[in-house]
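Bear in mind these aren't lab numbers, they're just calculated from the coordinates by the rules spelled out. On a predicted model such as this, the values are computed, not experimentally measured, just so you know. Cβ placement follows ideal geometry from the backbone for every residue including glycine, while neighbour counts extend to all protein chains displayed.
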Amino acid sequence: MTWRHLTWLPAPADVQLSGNEIHVWRASLEREASQLEAFWSVLGADEKRRGERFHFERDRSHFVIARGLLREILARYLPIAPAQIDFTYNEYGKPELANHEESLRFNVSHSHGAALFVFARGQELGVDLELLRPDFASLEVAARFFSEAEVSALRSLSPTLQTQGFFNCWTRKEAYIKALGEGLSHPLHRFVVSLTPQDHACLISTENDPQEAANWSIIDLNPFPGYAAALAVRRPNSLLHCWDWRL
């Protein structure tokens, strides 16, 4: 399929996730107080502790709603209630299902009131969503985190395109390292992604393995105006379905 032309549809009542599919859900985290209370009630003790650490109420609310939505969506793929879902975390903090369906993989990203959730079976994947912020998208920040080739590509863009190029790069790199499950322990400058708006999203090269890039697909998602988002998946050529969660 053509990744550049994605259609976001209302999800059917009975969502089935086959082994050759990837499901992406988009959602707003701006919810009524009653929904916030309902989501809080299904969270595990560790999630509640994490939620209580947020200094600002808005950040706490977005965290609770994102975790509650994750449980709600996972329950569509698992034969258990949202509150019964248990998570484990790898040494880098990536969540996985505990004592449930081992083949089901998922990843979550949220930014400034918007969220993305991705799911697949037997495929490692990662997602990143970022609000386009011109004040953050500087060449100085790029020089700290991006590869030399990416910084050079960013400098070649006109000032009007540099913010989009910066966040194209940022989200594609974040999605890739989240799919690897290593978080920021995997240095961002040791692999190269495309970033210019006219170029197709892709992993261009990695420092340690010249063949690694061919094993991955990077997909631009464009879920909300004013945001950049990318999905990284190890197995290419899967069918991609994009769902709305009651926006």
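Rounded, prolate or oblate: which fits the range 77-166, taking a ≥ b ≥ c as square roots of the Cα gyration tensor eigenvalues, rounded meaning a/c under 1.5, else prolate when a/b beats b/c? It comes out prolate by the Cα gyration axes. Based on C-alpha pairs under 8 angstrom that are at least 6 apart in sequence, the chain has a relative contact order of 25 percent. 3J(HN,Hα) couplings calculated from phi for the range 60-71 with the Karplus curve 6.51 cos²θ - 1.76 cosθ + 1.60 (θ = phi - 60°) are, in sequence order, 4, 4, 5, 4, 4, 5, 4, 5, x, 5, 4, 5 Hz; Gly and Pro show x. Amide H contacts for residue 240 (H built 1.01 Å from N in the peptide plane; partners 5 or more residues away or on another chain; cut-off under 5 Å): 22. Mind jotting down the distance between the C-alpha centroids of the range 7-64 and the range 128-180, whole Å? When both Cα centres are located, 27 Å separates them. Converting phi to 3J(HN,Hα) with the Karplus coefficients 6.51, -1.76 and 1.60 and the offset θ = phi - 60°, the range 112-117 yields 6, x, 10, 9, 10, 10 Hz in sequence order, with x at every glycine or proline. For the range 146-247, the gyration tensor built on C-alpha atoms gives an oblate shape. Its axis ratio a/c (a ≥ b ≥ c) is at least 1.5, and a/b is not larger than b/c. For residue 87, the residues whose modelled amide H falls within less than 5 Å of its own, excluding neighbours fewer than 5 places apart on the same chain, are 98. A straight chain from residue 30 to residue 83 at 0.36 nm per residue would run longer than the Cα-Cα distance by 17.0 nm. Extension gain, residue 46 to residue 208, is 54.7 nm, computed as 0.36 nm per intervening residue step minus the present C-alpha separation. Per residue, the average separation of C-alpha pairs within less than 8 Å and at least 6 apart gives the range 90-157 a relative contact order of 20 percent.
Fewest neighbouring Cβ atoms within 10 Å first, the residues 243, 25 line up as 243, 25.
Counting only the Cα atoms, the chain fills a convex hull of 136 Å³ per residue. For the range 188-200, putting each phi into the Karplus relation 6.51 cos²θ - 1.76 cosθ + 1.60 with θ = phi - 60° gives couplings of 5, 7, 8, 8, 10, 10, 6, 8, 5, x, 7, 8, 5 Hz, in residue order, rounded to whole numbers and with x for Gly and Pro.
When you restrict to C-alpha pairs under 8 Å that are six or more residues apart and normalise by the size of the range 29-117, the relative contact order lands at 25 percent. Hey, can you grab everything whose amide H is under 5 Å from the amide H of residue 105? Only 5+ residues off in sequence or another chain; H modelled, so Pro and N-termini drop out. HN-HN under 5 Å from residue 105: 120, 121, 122, 123. For the range 48-98, a/c is not less than 1.5, where a ≥ b ≥ c are the root eigenvalues of the C-alpha gyration tensor, and a/b does not top b/c. That puts it in the oblate class. When 85, 219, 73 are arranged by Cβ crowding within 10 Å, least crowded first, meaning fewest neighbours, the order is 85, 73, 219.
Taking other residues whose beta carbon is less than 12 angstrom from the beta carbon of residue 161, and scoring Lys, Arg as +1 and Asp, Glu as -1, yields 0.
Counting only helical runs of four or more DSSP H residues, what would the 222 nm mean residue ellipticity of the chain come to if each run contributes -39,500 (n - 2.57) and the total is spread over all its residues? Helix-only estimate at 222 nm: -9500 deg cm²/dmol.
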